[in-house]
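Q: Input: one structure, supplied below.
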Amino acid sequence: MKKVYLIAHDSLRSQLIDALHEQGLLHITNLKEEVSEQELPQAEAEYESALREVDLAISKAEFVLNFLAGFEKEKKGFLAGMIKEKIVVERERFYRIQEKLDFEEVYRECEELDVKLTSIDNRLSHLSQLKASLEPWLPLKIRFDEVKETWRTALLLGEVPTTGFAKFQLELMEKVPESSLEEISRDFRSTRFLLIFLKERSDEVQGVLQGYGFRQVTFPGLEGTPRSEIEAVDGECARLERERKETVARIHRLIHLKPDLLILRDFLEDRRKKIEVQANFARTKEVFMLEGWAREADAPTVSDRAMAISREVDVTFIDPSEEDRPPIILENKKWLKPFEIVTRLYGLPRYGELDPTPHLALFFTVFFGICIGDVGYGLLLILLSWWLKKKLPVSETVKRFFILLIYGGFAAMVAGALTGSWFCVPTESLPPILARMMVIEPLKEPIIYLIFCFALGFLHLLFGVVLGAYEYVKQGRWMDAIFKEGSKLIFLPGAALLIVQLLSGGRGEPPAWFPVAKWMAIVGALLIILFHNRESRNILARIGGGIYGLYGMTSFIGDTISYCRLMALGLATFLIGWAINIMGQLTLSIPYVGFVGMIAILVVGHLFNLAINLISAFVHPARLQYVEFFTKFFEGGGRKFQPFAIETKNLVFRGSATGK
Amino acid sequence: MQETFLWLNGYQWAVLAAGLSAIFGGIGSCIGITSAAKLSAGVLSEDPEKFGGLLVLCILPGTQGIYGFITAVLVVVFFGLLGGAGKDIVLAQGLGIFLACLPVMAMCLISAIFQGIVSTAGVGLVAKRGEEAGKGMVLSALVETYAVLSLIVSLFLLMSVRAG
């Protein structure tokens with residue numbers, strides 16, 4: 001990594017930003033916070049307004065996308081829901097999207113359609129309410145505009161609660177006999193009626209009405225009979241529904257623009273980044289300066305490109321100092337790239353620290369293979385991953401993940417052949433050729449298999465210690481490498497062999513290697529006691545620290561035992577698969593449909609088994625790397641190298657790698 | 001008539017031992033994982049990018065269930081429960097098997113629950129500082145040590161019961 005400073009005249013700013021952005025090699029850091037300078041109100045205002053403008057455009061694009069998304073017909077499949085599919089575009093189309101797509105027009109149309117749709121929906125709901133309130137009045141034969149006062153009489157439409165209606169009727173007839181009460185309709189809640197009475201008796205009528213919870217009903221604006229009014233409402237509803245359909249059809253005609261809109265949104269987000277990045281620049285009235293990081297190999301490319309724009313640009317490269325925390329970029333051979341996923345999951349190494357990716361690749365694959373541990377599943381995994389990788393337009397990271405699964409699939413095939421697991425068929429029923437490839441049958445000899453897993457784990461741990469020594473050597477701390485890690489390398493194998501001898505019962509003549517192991521353990525232990533706390537000047541503290549270091553070695557026992565999960569997961573795959581095979585066999589005995597049923601159970605069952613074991617087969621080996629292996633040599637905590645470059649949420653560019 | 005203790009004969013004690021090992025390990029792991037996974041779901045609603053680190057933290061208390069399972073398998077295999085040999089287990093041996101499995105039963109149940117608590121705290125750590133997921137994992141793995149030790153003890157005891 002090289003630290004980059006770029007100074008140029010302000011007039012070249014946007015040109016330079018475009019060039020750097022297209023190149024995508026520079027990780028820009030915040031210089032403004034470090035360099036205290038006087039505020040430039042003009043620059044601030046310009047920045048704010050540019051940002052506001054692009055934000056407005058983005059929110060418009062979001063509105064249109066959300067609006068259209070509500071009318072999409074296609075349902076997403078299960079797989080598509082799991083993996084985010086991307087749109088494949090040419091770079092040309094991306095950069096020219098604003099020329100191609102008349103977005104303002106689309107936005108205006110969407111807005112108009114949205115308003116129209118809302119007003120139609122409002123009107124429809126209003127009409128349906130009106131219809132509901134009109135329906136009880138259907139038996140009324142007169143027109144609403146006839147319900148009004150005459151010279152001597154008054155007309156009223158209204159309702160009272162049904163429970164009190166009979167009493168109300170009696171009282172009215174008693175007190176104001178010269179009135180007419182015509183019941184229109186009734187339901188369990190209220191009874192509706194038309195009341196005609198003499199105006200001069202109005203007060204008495206009102207008195208009776210009030211006593212029974214009378215509510216006058218009016219239909220302002222309506223003139224015809226209830227029947228004709230309902231017909232009119234129905235007609236209006238039908239017209240609105242037609243209009244709604246037309247509007248929705250117009251929206252559907254816009255949906256084909258969705259890919260373009262997604263491209264546009266990414267384009268706008270990209271422009272936003274170009275504006276935002278300027279907040280990191282240190283600026284004066286005439287000049288601006290930016291700070292960033294570039295890979296050493298890329299440094300000349302960056303400066304050449306900047307110089308090509310104008311001679312008035314100055315680019316300086318500096319080696320990182322002690323206080324700097326340069327961002328981290330993992331560089332591995334192409335076939336190792338997929339394993340970076342495992343490293344990234346944990347965290348990036350600090351600057352100058354060992355990248356564990358190449359070192360975890362082999363063991364991770366082997367562990368993954370043991371956890372799946374079946375030839376058939378391995379093959380299935382390879383084919384599925386290969387097919388998905390070919391078929392789906394996904395980002396580079398997801399592609400790498402599929403490659404990782406393909407590696408794991410091969411390892412699973414090997415592990416399966418050696419343990420005699422072919423689609424979880426029990427070994428007795430295997431053809432002799434396949435059975436002969438078997439080296440060990442975990443179900444019959446679990447202890448031996450368990451010991452194998454422990455041994456594999458122990459090797460993995462020792463490898464971690466070796467890497468710890470290597471890390472010291474890289475930092476030039478030879479003494480630490482030899483005394484600290486070297487003493488562990490002498491002690492641990494010796495102690496392990498002693499434990500093995502102890503567990504095997506120790507009967508009979510001790511084997512020839514026994515004295516060697518014994519002395520390795522003793523010498524190793526002494527070295528650890530003497531040198532573990534090498535930095536300490538006080539002899540007592542040094543010995544105390546050493547003894548504590550020796551005590552720390554007990555953690556290796558727990559770490560080693562932890563690898564028994566490999567056997568457990570391998571067995572679990574086999575046992576579940578076996579149960580599925582038995583179920584399939586049982587189904588076969590059902591007459592007529594038996595064969596079809598068996599195929600269905602086997603296909604669904606084995607896919608299910610593969611899927612659930614896949615999760616464990618990824619997570620548990622990863623855990624073994626992180627918790628058992630990494631603790632021996634690796635700390636992590638690095639910052640990711642994020643070059644200022646095109647970054648897309650929904651797009652994959654055709655014919656070029658993205659997603660660095 | 002076979003000898004019995006608390007109504008169970010030797011074979012039944014062995015079956016009980018295997019079953020309870022798997023059950024207790026499983027219960028512990030379920031509780032532990034649930035505790036961490038619940039909080040993780042909350043963190044993911046804010047920051048789906050952290051799924052990887054959180055997944056590992058959640059799966060950490062799953063080890064105890066595996067240890068219980070291993071113990072159960074070992075009992076089944078050591079004492080021939082799958083074949084007919086299981087019926088020949090005498091009461092003393094059956095009780096021995098049960099006692100030998102006790103460390104795993106107790107420790108896997110308890111350590112998984114507590115490991116779940118530490119993992120949950122780790123999820124909180126990841127929520128605030130995503131780059132420190134590794135340290136959260138290491139802390140959580142500290143608790144697991146004692147489940148490992150109980151597995152070793154149970155293993156030895158089972159071997160000694162088999163040797164008679």
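Q: Out of all DSSP beta bridges in chain A, what portion is antiparallel? Express it as a percent rounded to 5.
A: In chain A, approximately 90 percent of DSSP beta bridges are antiparallel ones.
Q: Apply 1/(1 + (r/R0)^6) to the Cβ-Cβ distance of A:L418 and A:Q501, taking R0 = 30 Å, and write down the FRET efficiency to the nearest 0.05.
A: 0.65
Q: Accessible area, 1.4 Å probe, largest first: how do A:K116, A:K488, A:K334, B:K38 sort?
A: Accessible-area ranking of A:K116, A:K488, A:K334, B:K38, largest first: A:K334, B:K38, A:K116, A:K488.
Q: Oh, and also: Can you figure out the FRET efficiency of A:R436 with B:V153, using R₀ = 56 Å and their beta-carbon distance, to the nearest 0.05?
A: 0.90
Q: Okay, moving on. Would you mind calculating the relative contact order of region A:574-626 from Cα pairs under 8 angstrom and at least 6 residues apart, reporting the percent as a whole number?
A: Numbers: 25 pairs, mean separation 17.1, N = 53.
Dividing the mean separation by the residue count of region A:574-626 yields 32 percent.
Q: At 1.4 Å probe size, what's the solvent-accessible area of A:V176? Round to the nearest 10 Å².
A: About 0 Å², rounded to the nearest 10.
Q: Amide H of A:V176 versus every other amide H placed in the peptide plane: which residues, excluding those fewer than 5 positions away on the same chain, fall under 5 Å?
A: It is none; the list stays empty.
Q: Sum up the lysine pairs in region B:10-163 that clear both bars: alpha-carbon distance under 19 Å and a spacing of 8 or more or different chains.
A: The result is 4.
Q: Continuing with the same structure: Counting Lys and Arg as +1 and Asp and Glu as -1, each charge on the Cβ, what is the dipole of chain A about the Cα centre in debye, to the nearest 20?
A: The calculation lands at about 2540 debye.
Q: Most mobile of B:G19, B:G80, B:G28 per a Gaussian network model of chain B (Cα springs, under 10 Å)?
A: Highest fluctuation among the options: B:G80.
Q: Quick one: dipole size for region A:142-224, taken about the Cα centre, charges +1 on Lys/Arg Cβ and -1 on Asp/Glu Cβ, in debye to the nearest 20.
A: Computed about the Cα centre, the dipole is about 180 debye.
Q: Averaging over all projection directions, find the projected area of the Cα convex hull of region A:142-224 and quote it in nm² with one decimal place.
A: So the Cα hull casts an average projection of 5.4 nm².
Q: Sequence-distant or interchain residues sharing an amide H contact under 5 Å with A:L348, placed H: which?
A: Those qualifying (amide H under 5 Å, at least 5 residues apart or on another chain) are A:G637, A:G638.
Q: Under the definition of partner shielding as Cβ atoms of other protein chains within 10 Å of a residue Cβ, what is the mean value for peptide B:57-66? Could the numbers behind the result be given before it?
A: Details: counts 1, 1, 7, 4, 0, 5, 7, 0, 1, 11.
For this peptide, the per-residue mean of nearby foreign Cβ atoms is 4.
Q: I'd like the orientation of helix A:103-134 relative to chain A: the angle between its Cα long axis and the longest Cα principal axis, in ° from 0 to 90, rounded to 10.
A: Rounded to the nearest ten degrees, it is 50.
Q: Something else now. Report the relative contact order of chain B, percent, no decimals, based on alpha-carbon pairs under 8 angstrom and at least 6 residues apart.
A: That works out to 35 percent.
Q: What Kirkwood hydrodynamic radius do you get for region B:10-163 when you take the inverse of the mean 1/r over all pairs of distinct Cα atoms, in Å?
A: Averaging 1/r across every pair of different Cα atoms and inverting gives 16.1 Å.
Q: Considering amide H positions built from the backbone, and no H for Pro or chain starts, which residues 5 or more places from A:I28, or on another chain, come under 5 Å of its amide H?
A: Amide H to amide H, under 5 Å and 5 or more residues apart or across chains, A:I28 pairs with A:W293, A:F644.
Q: While we're here: So how strong a dipole does region B:10-163 carry about its Cα centre when Lys and Arg Cβ are +1 and Asp and Glu Cβ are -1, to the nearest 20 debye? Intermediate results must be reported in sequence, preceding the final value.
A: Working: 7 positive and 7 negative charges, 49 e Å.
Charge dipole of region B:10-163: 240 debye, to the nearest 20.
Q: With unit charges on the beta carbons (Lys and Arg positive, Asp and Glu negative) and the dipole taken about the Cα centre of chain A, which residue among A:L290, A:P511, A:L40 sits farthest to the positive side?
A: A:P511
Q: Here's a follow-up. Just to verify a number: what accessible area does A:D187 come out at with the full protein assembly present, 1.4 Å probe, Å² rounded to tens?
A: Counting only protein heavy atoms, the figure is 60 Å².
Q: Rounded to the nearest angstrom and ordered from largest down, what semi-axes does the equivalent ellipsoid of chain A get from its C-alpha gyration tensor (root of 5λ)? Working shown, then result.
A: Working: eigenvalues 1109, 370, 145 Å².
Ellipsoid semi-axes (Å, largest first): 74, 43, 27.
Q: What length, rounded to one decimal in nm, is gained on full extension from A:L40 through to A:S589, with 0.36 nm per residue of separation minus their alpha-carbon distance?
A: Result for the pair: 189.2 nm of gain on full extension.
Q: Using the alpha-carbon atoms, what tilt in degrees (0 to 90, nearest 10) does helix A:165-175 show relative to the longest principal axis of chain A?
A: The angle comes out near 30 degrees.
Q: Within a 10 angstrom radius of each residue's Cβ in A:565-575, how many Cβ atoms of other chains show up on average? Whole number is fine.
A: 3
Q: Quick check: net charge around A:I482, other residues with Cβ under 12 Å of its Cβ, Lys/Arg +1 and Asp/Glu -1? Write down the numbers at each step before the final one.
A: Details: positive: A:R477, A:K484, A:K488, A:R534; negative: A:D480, A:E485.
Net charge around A:I482: +2.
Q: Which aspartates and glutamates, on any chain, are close to A:K391 with Cα under 13 Å apart, when same-chain ones fewer than 8 places away are left out?
A: List returned: A:E85.
Q: Please compute, for the alpha-carbon atoms of region A:98-176, the extent along each of the three principal axes and give them in descending order in Å.
A: Largest to smallest, the principal-axis extents are 84, 34, 18 Å.
Q: Let me ask something else about it. I'd like the FRET efficiency for A:E331 and A:F188, computed as 1/(1 + (r/R0)^6) with the beta carbon distance as r and R0 of 56 Å, rounded to 0.05. Don't skip to the answer; put the middle values down first.
A: On the way: r = 80 Å, r/R0 = 1.43.
According to the calculation, E is roughly 0.10.
Q: For region A:545-660, report the % of Cα-Cα distances exceeding 20 Å.
A: Working: 4586 of 6670 pairs.
Result: 69 percent of Cα pairs exceed 20 Å.
Q: Sort A:E159, A:E174 by heavy-atom solvent-accessible area, probe 1.4 angstrom, most to least.
A: A:E174, A:E159
Q: Per residue of B:146-154, how many C-beta atoms from partner chains lie within 10 Å of its own C-beta, taken as a mean?
A: The per-residue average across the peptide is 3.
Q: Provide the packing ranking of A:459-470, A:101-112, i.e. peptides ordered by the mean count of other C-beta atoms within 10 Å per residue, highest first.
A: Most protected by this proxy first, the peptides run A:459-470, A:101-112.
Q: Which one, B:E144, B:E46, B:E132, has the greatest fluctuation when you compute a Gaussian network model over chain B with C-alpha springs under 10 angstrom?
A: B:E46
Q: Compare A:H256, A:H126, A:H21, A:H359 by solvent-accessible area with a 1.4 Å probe and give them largest first, with all protein chains kept in place.
A: A:H256, A:H126, A:H359, A:H21
Q: Taking 0.36 nm per intervening residue step and subtracting the Cα-Cα distance, what contour gain separates A:T427 from A:A579 on full extension?
A: Values: separation 152, 0.36 × 152 = 54.72 nm, distance 1.42 nm.
Answer, rounded to one decimal: 53.3 nm.
Q: Quick check: pseudo-label points 7 Å beyond the Cα along Cα→Cβ at A:I318 and A:E635, how many nm apart are they?
A: Each label point is offset 7 Å from its Cα along the Cβ direction, giving 2.4 nm.
Q: Positive end of the charge dipole of region A:549-660 (Lys, Arg +1 and Asp, Glu -1 on Cβ, about the Cα centre): tell me which of A:V596, A:G638, A:I557 has its Cα farthest that way.
A: Towards the positive end, the residue furthest out is A:G638.
Q: Okay, next question. Keeping all protein chains in position, work out how much accessible area A:W293 exposes to a 1.4 Å probe, and write it in Å² to the nearest 10.
A: 10 Å²
Q: Rounding to the nearest 10 and keeping the result within 0 to 90°, find how far the Cα-based axis of helix A:375-391 lies from the longest principal axis of chain A.
A: It works out to around 60 degrees.
Q: Positive end of the dipole of the protein assembly as shown, charges at C-beta (+1 Lys, Arg; -1 Asp, Glu), about the Cα centre: which of A:A69, B:V75, A:F144 has its Cα farthest in that direction?
A: Among A:A69, B:V75, A:F144, the one farthest towards the positive end of the dipole of the protein assembly as shown is B:V75.
Q: For the protein assembly as shown, what does -39500 (n - 2.57) per DSSP helix run (n ≥ 4), summed and divided by total residues, give at 222 nm, in deg cm²/dmol to the nearest 500?
A: My calculation for the protein assembly as shown gives -21000 deg cm²/dmol from helical runs alone.
Q: Suppose the chain between A:L138 and A:L170 were pulled fully straight at 0.36 nm per residue; how much longer would it get relative to their current alpha carbon spacing? List each step's numbers first, then the result.
A: Details: separation 32, 0.36 × 32 = 11.52 nm, distance 2.52 nm.
Gain on extension, A:L138 to A:L170, equals 9.0 nm.
The values are calculated or read from the model by the stated rules, or taken from the named source; none is laboratory data. Keep in mind the model is a prediction, meaning the values are calculated, not measured. Cβ: placed from backbone, ideal geometry, glycine included. Neighbour counts: every protein chain shown. In case anyone asks, the SASA skips ligands and DNA or RNA and just uses the protein heavy atoms, side chains included. Shrake-Rupley method; radii C 1.70, N 1.55, O 1.52, S 1.80 Å.
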